[in-house]
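Step one of this worksheet: look at the structure below.
The values are calculated or read from the model by the stated rules, or taken from the named source; none is laboratory data. Note that the structure is a prediction, hence the values are computed from the model and not measured. As a convention, Cβ positions derive from the backbone with ideal geometry for all residues, glycine included, and neighbour counts pool all protein chains shown. Only protein heavy atoms, including side chains, enter the accessible area calculation; ligands, DNA and RNA are left aside. Shrake-Rupley method; radii C 1.70, N 1.55, O 1.52, S 1.80 Å.
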Amino acid sequence: ATFLIQSEIKNNQLQTKIVSDSLVTVAAKLEVYVLSFTGDTIKSHSKDITIPANQVVNLDLAKLHIRQLEPHKSFIYSKISTNNKTLAEHIDFFGKPKNIKLPKGNLQIKEIAPNQFEVSSSPSVFHYKVALSTSEFGNFEPNFFHLLPGENMKISFIPNEKDVVIDASGVGIISLNSFE
């Protein structure tokens with residue numbers, strides 16, 4: 001990846017780090033959201049930034065004071081983009097993933113073309129580590145991803161054998177939200 005982004009809260013203040021391996025300086029838009037697992041926006045911040053070539057940029061978003069946060073029920077979603085193209089995005093949790101309280105929710109999958117699917121959830125549930133499976137040999141691209149509340153993810157199935165085609169009824173889907 002050319003860019004990496006990570007955000008965290010230190011002393012009730014949001015700090016974001018961007019790592020650039022780009023050979024050129026890039027003008028981009030930074031978006032940082034503190035969200036609940038049920039899709040509510042607790043805090044958000046957006047600003048235009050300049051990312052210097054081959055450098056690490058540390059941003060202290062001090063005006064975003066984060067208080068009265070339930071760390072086991074929320075997360076940070078950070079994204080940098082330019083010209084409506086996502087350069088990097090990242091989800092950060094407060095503390096250890098084993099301590100988070102994920103809400104229950106259903107995932108839907110629909111076929112949009114042969115071996116092409118769209119996975120969606122309700123607008124009020126964040127799904128952690130979504131995984132797809134099938135009895136056929138092959139790979140899903142992507143697989144083992146997070147799904148933000150109300151978002152869709154397009155998935156491709158790449159079979160090991162050329163003529164294998166599966167439909168949505170042949171795909172199993174699960175996330176860690178299903179476990180207690």
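Being open to solvent by 90 Å² or more (accessible area, probe 1.4 Å) and closer than 30 Å to Asn99 by Cβ is the filter here; which residues of segment 152-180 pass it?
Phe179, Glu180
Can you go through Leu132, Leu102 and tell me which one is aliphatic (A, V, I, L, M), surrounded by 15 or more Cβ atoms within 10 Å (Cβ to Cβ) and part of a strand (DSSP E or B)?
Leu132
Answer yes or no: is there a residue in segment 107-115 that is open to solvent by less than 30 Å² (accessible area, probe 1.4 Å) and at pLDDT below 95.
For segment 107-115, residues open to solvent by less than 30 Å² (accessible area, probe 1.4 Å) and at pLDDT below 95: absent.
Considering only segment 1-36, how many residues are open to solvent by 50 Å² or more (accessible area, probe 1.4 Å) and among the β-branched types (Val, Ile, Thr)?
Going through segment 1-36 one residue at a time, the tally reaches 3.
Taking Phe140, is it free of Cβ contacts under 8 Å to residues at least 40 places away in the same chain and part of a strand (DSSP E or B)?
Here the answer is yes, as Phe140 does meet what is asked.
Quick one: Ile80 ticks every box in (1) out of contact with any helix residue (DSSP H, G or I) (no Cβ under 9 Å at 6 or more places or on another chain); (2) among the aliphatic types (A, V, I, L, M); (3) at pLDDT below 95 except a single one, so which number is it?
Unmet for Ile80, out of (1) out of contact with any helix residue (DSSP H, G or I) (no Cβ under 9 Å at 6 or more places or on another chain); (2) among the aliphatic types (A, V, I, L, M); (3) at pLDDT below 95: (3).
Is it the case, given these coordinates, that Ser124 is small (Gly, Ala, Ser), outside any helix (DSSP H, G or I) and in contact (Cβ under 8 Å) with a residue 60 or more places away in the chain?
The answer is yes for Ser124.
Looking only at residues that are under 29 Å from His127 (Cα atoms) and touching a residue at least 40 places away in the same chain (Cβ under 8 Å) in segment 37-51, which one is least open to solvent (accessible area, probe 1.4 Å)?
Here the residue is Phe37.
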